[in-house]
Amino acid sequence: MVQISAAMVKELREATGSGIMDCKRVLAEAEGDTEKAIVLLRKKGFAKAAKRAGRSTSEGLIYSYIHTGAKLGVLIEVNCESDFVAKTENFQLFVKNIAMHVAAANPAGLNPEDIDTAVVEKEREIFRAQMLEQGKPENIIDKIVEGKVEKFYKDICLMSQPYVKDPQKTISDLLKEIIGSMGENIQIKRFVRFQIGE
């Protein structure tokens, strides 16, 4: 049995933002292996996030991010369950990071249902024309086109985009992590990105 020191718990807590008892528990489960403990915390956080998904989010923040040079800005609304969580440093940092991601990655909407169907249909036509040009058989073109449309959604929808600061995670993963660590349902409600000349 590995002895779990206060320093190990502190290090894990700082790395993940999780509670002391949760850190202690997963470190014991992972036999002191910090990497394994982080994976366990993420899994537990995702499970907690799923349970909290139906809870009401009537508090939160509206945050404005103006990029250096003042030619690009983002206004974002992120909701949570309580005013207490909205005022925490972790929550505010999460909101700021999402706003900065929106500035950098320029998503077209939160989820596929937010994307204008005319835009999607135009992409679908382009993909189909490309497949015909490449001489792909008619019977598999639809399948290929649908696969390309799915990838198109992943690239332009905020929730499925790889997080610019850590491309191993999507924004959806990041959201589940903060829900797990804060213990409340949190929702990215809406955003607007402004750029000079657009």
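General remarks:
- Exclusive hit being modelled with pLDDT of 90 or more, of a type in the set (D, E, K, R) and closer than 18 Å to V102 by Cβ, set K71, K87: K71
- Any hit, the range 178-190, residues being under 30 Å from I20 (Cβ atoms) and free of Cβ contacts under 8 Å to residues at least 40 places away in the same chain: no
- Long-range neighbours under 8 Å by Cβ, at least six apart or interchain, first residue assigned to a helix (DSSP H, G or I) and at pLDDT 95 or above within the range 94-111, second of a type in the set (K, R) and surrounded by fewer than 16 Cβ atoms within 10 Å (Cβ to Cβ): N97/K165; H101/K165
- Once the range 93-149 is narrowed to residues that are surrounded by 14 or more Cβ atoms within 10 Å (Cβ to Cβ) and of a type in the set (K, R), the residue that is nearest to the chain's Cα centre (by Cα) is K96.
- Of all residues in the range 159-172 being in contact with an Asp or Glu (Cβ under 9 Å, 6 or more places away or on another chain) and touching a residue at least 60 places away in the same chain (Cβ under 8 Å), the one that is farthest from D83 (Cα to Cα): Q161
- Failed item in (1) loosely packed, with under 14 Cβ neighbours inside 10 Å; (2) at pLDDT 85 or above; (3) among the small types (G, A, S), with A28 passing the rest: (1)
- Criterion (over 30 Å from E59 (Cβ atoms) and buried (at least 19 other Cβ atoms within 10 Å of the Cβ)) met by exactly one of F191, F152: F152
The values are calculated or read from the model by the stated rules, or taken from the named source; none is laboratory data. The structure presented is a predicted model; accordingly, all values stated were derived computationally and were not measured. Don't worry about glycine lacking a Cβ; one is built from the backbone with ideal geometry, like all the others, and counts go over all protein chains shown.
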